[in-house]
Amino acid sequence: MPPFEGKTYSLYSDSHSTTETTDEYFNTIKRLADLCLQKYAGNEKNLLAQLQKESKKKKLIGKLLAKSEDNAFFNRIKKTLKTSLSIYTKEVKNHLKHMSIFERFDSTLRTTEEQYHLYMLEIELVNRIYKHAFKSCTYKFALLPHCLRDFRLTCLSAPGDIEHTCKGCTKECYIHLAGKLLKKYNIDPYISVRMDQDKLLKEVKAKHQSVGVLGIACIPELARGMRLSIRLGIPPIGIPLDANRCARWMGKAYENSINLKALEELISQESSRK
Ligand code: SF4
C-alpha cells in the first residue's frame, strides 16, 4: 500500500516512509498558487492563460523572450516552482533519458520536469477558478482512472450510461472509496475507459444543459483534460493521482492512490480552500 513511487512523479515526497500522506504536496501547491495570485488578483484567468502558454514554450524561445516584464515574472515563478516541487518529480530526467524512439512520439510521455511543475500550478488554479461554476451545475460527474482499482481481485465494474460503473466489490478499493465520497456530494462517479474524451464530453453536454466534470488522472493528463473541458464550456475541477503507475508509463499497471482528504476539501461546500 502507499506511499507509491511513480514512473516520473510521486506526490509522496519520501516514497520509502510508511506513514506519510500527500498532504504536504497539497499544502505546498496551495501556497504557490497564493503567491502567484498576489500579482494577478482579480485577473486569475489571465494568469491561467499565461501559464498554459509557458508550458507550451520551447526553452530557447523562452530565453529569447525573457526580457519582457511578464516573462521575467514567469521566469521567477518557474524558479520558485522548481525549488518547491522538484522533490516530487525526481524521476523525470531519468525517464526522458531512457525513452524509446516510439515513446518520443507521445507528448504525454515527453513531459519535461518544468512542464510538470507548471501543470501542478495550473491544476490548482483551475480548481480555484472553476470550483464555484462546477458546484452550481445541475449535473456533475467524475471520471476516475481504472488504475485506481484494487489490483488484488478481479474488478467487477461494468458499462454504465456514460462510462463504466463500480460495483463496490471491496471496501478498500480507491475507486469505491472515492465514489462513495463523490456520491455524498451529488457527483456521479464513472470509471474512465474510453479513449476519446472529446466525444464523451460532447455527448454528456448534449444530454445536460448544465454540466460540470471532476477529473482524476496523472498530472499531464489531468491538465490536458481540464483544458479540453474548458474549451467545451464544461467547468472542470480535479485531483492528480498520487503517482503515475499505469501501463502507459510502467509497461504494466500497478496499484495507485489519491488523497481522499484533498478530494473532499475540493468538493465540499464548507471547503476552506480558496
Ligand atoms: S470496488 Fe469497484 S472499481 Fe474496485 S475492484 Fe471492485 S468493482 Fe472494481
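Brief remarks on what is shown
- What the range 23-267 shows is 50 Å² of accessible area per residue, with the surface traced by a 1.4 Å probe over protein heavy atoms.
- Residues within the reach of a label modelled at HIS146 (point 7 angstrom out along Cα to beta-carbon, backbone nitrogen below 16 Å), restricted to the range 184-204, are 190-197.
- Per residue, the convex hull volume that the Cα atoms of the range 147-191 enclose (Å³): 64
- For the range 109-144, the set of trypsin sites (Lys or Arg not before Pro) satisfying both a DSSP loop assignment and a count of at most 16 other C-beta atoms within 10 Å is given as ARG110.
- Taking every C-alpha pair closer than 8 Å and separated by at least 6 residues, the mean separation divided by the residue count of the range 23-267 gives a relative contact order of 20 percent.
- Among the GluC sites (Glu not before Pro) within the range 86-190, those in coil by DSSP and having at most 14 neighbouring Cβ atoms inside 10 Å are GLU172.
- Extension gain, THR112 to LYS207, is 30.4 nm, computed as 0.36 nm per intervening residue step minus the present C-alpha separation.
- Value at 222 nm in deg cm²/dmol, rounded to 500, when DSSP H runs of n ≥ 4 in the chain each add -39,500 (n - 2.57): -14500 deg cm²/dmol
- The range 223-240 versus the range 102-145: alpha-carbon centroid distance in Å: 6
- Its relative contact order, with pairs defined as Cα atoms under 8 Å and 6+ residues apart, puts the range 184-274 at 20 percent.
- The range 162-261 - percent of accessible surface contributed by carbon and sulfur, probe 1.4 Å: 53
- The share of C-alpha pairs in the chain whose separation exceeds 24 Å stands at 49 percent.
- Isolated Cys in the chain, by beta carbon distance under 4.7 Å: CYS36, CYS137, CYS155, CYS166, CYS169, CYS173, CYS218
- Modelled FRET efficiency - R0 25 Å, LYS39 with ARG224, Cβ distances, 0.05 increments: 0.45
The values are calculated or read from the model by the stated rules, or taken from the named source; none is laboratory data. Small disclaimer: the values here were computed from a predicted structure and weren't measured. Methodologically, a virtual Cβ is constructed for each residue, glycine included, from the backbone with ideal geometry; neighbour enumeration extends over all protein chains shown. Areas reflect the complete protein model, heavy atoms only, side chains present, ligands, DNA and RNA absent. Shrake-Rupley method; radii C 1.70, N 1.55, O 1.52, S 1.80 Å.
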